[in-house]
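The values are calculated or read from the model by the stated rules, or taken from the named source; none is laboratory data. Everything numeric in this text was worked out from a predicted model, so none of it was measured. Here Cβ is always computed from backbone atoms with ideal geometry, including for glycine, and neighbour counts include all displayed protein chains. Just so you know, the surface numbers come from the protein's heavy atoms only, side chains and all, with ligands and any DNA or RNA stripped out. Shrake-Rupley method; radii C 1.70, N 1.55, O 1.52, S 1.80 Å.
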Amino acid sequence: MTSQHSAAESAHPRDSIDRHIDRWGREVTGLVPELEGAVTRMQMLVRHLQQKKEAALARHGLKLWEYEILWRLRSAGKPYRMSPTHLARGLGVHPATLTNRLDRLQSADLVTREHAPEDRRSLLVGLTPRGAEAWAAVIDDQREAEATLFAHLAKEELEHLSALLRVVVLAVEENGPPLMPHHD
C-alpha cells in the first residue's frame with residue numbers, strides 16, 4: 001500500500017457501503033461507484049431512522065398509523081382539527097378505514113370528534129391534549145435520533161449536505177409532484 005493510498009483512506013475511511021460497492025462492482029457491469037454509494041447510503045440512513053422511529057413509537061405505545069393521524073392533525077395548525085374527509089384524503093386511506101381508526105384513537109383519548117360549529121351536519125376530528133403529548137414525545141425522540149445521526153458533521157457540512165440534496169429534490173420535482181405534499 002502506498003502512503004498516498006493510506007492518506008486517502010484515513011481522510012475517507014471505508015464503510016459497509018464501500019464493501020457493498022466492491023462486491024457488486026464485480027457483478028454488475030457499468031455500476032457507478034459514486035452513484036451507488038450515494039443512493040445506498042441514503043437508503044440505509046433512511047432505514048436506520050425508520051428503525052429509530054419504530055422504536056420510539058413502541059416506547060410510546062403507538063402504531064405507525066396512529067402516529068400518522070396525530071401528525072396529520074398537528075400539521076393542520078391550531079386548533080389541530082380537520083374534517084374526516086380531508087384527513088382520509090391526506091392519509092391516502094378509505095373513509096371507512098379511517099372511521100375504524102378514529103374509533104380506536106377516540107377510545108384511547110388521543111382524538112375527539114365534534115360537530116363543526118359552522119355546520120352541525122359536519123364533523124371535525126381534533127387532537128386531544130393526550131394526543132398532542134403522544135405526538136410531541138415521538139417527535140422529541142425523532143429529533144434526538146436525527147441529531148445523533150448527524151452529530152459527526154460540522155454545521156457547515158450539514159448545510160452543504162442539505163443544499164446538495166435540495167438540488168436533487170428540485171430536479172425530481174421539476175418533472176413531477178412535490179416530494180413533500182402541501183398541507184392546507
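Values as computed for the structure displayed
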item: Accessible surface ranking that places the most exposed of M82, M180, M42 first, with a 1.4 angstrom probe; result: M180, M42, M82
item: Å² per residue, accessible surface of the range 1-106 at 1.4 Å; result: 69
item: Estimated distance in nm for a label pair at R143 and A38, the labels positioned 7 Å out from Cα along Cα-to-Cβ; result: 3.1
item: J(HN,Hα) series, the range 29-35, from Karplus relation 6.51 cos²θ - 1.76 cosθ + 1.60, nearest Hz, glycine and proline x; result: 5, x, 5, 9, x, 5, 5
item: Interchain or long-range residues, amide H under 5 Å from S122's placed H; result: A116
item: Efficiency of FRET from Cβ geometry, S162 and W65, R₀ 41 Å, rounded to 0.05; result: 0.90
item: Accessible carbon and sulfur surface of the range 26-107 relative to its total accessible area, %, 1.4 Å; result: 53
item: Computed accessible area, Y67, all protein chains, 1.4 angstrom probe, square angstrom; result: 10
item: Label-point separation in nm, A136 to A151, each point 7 Å along Cα→Cβ; result: 2.4
item: Mean Cβ neighbour count within 10 Å, used as a protection proxy, ranking 12-20, 108-116, 27-35 highest first; result: 108-116, 12-20, 27-35
item: Degrees separating the helix 155-174 axis from the principal Cα axis of the chain, which is the longest one; result: 70
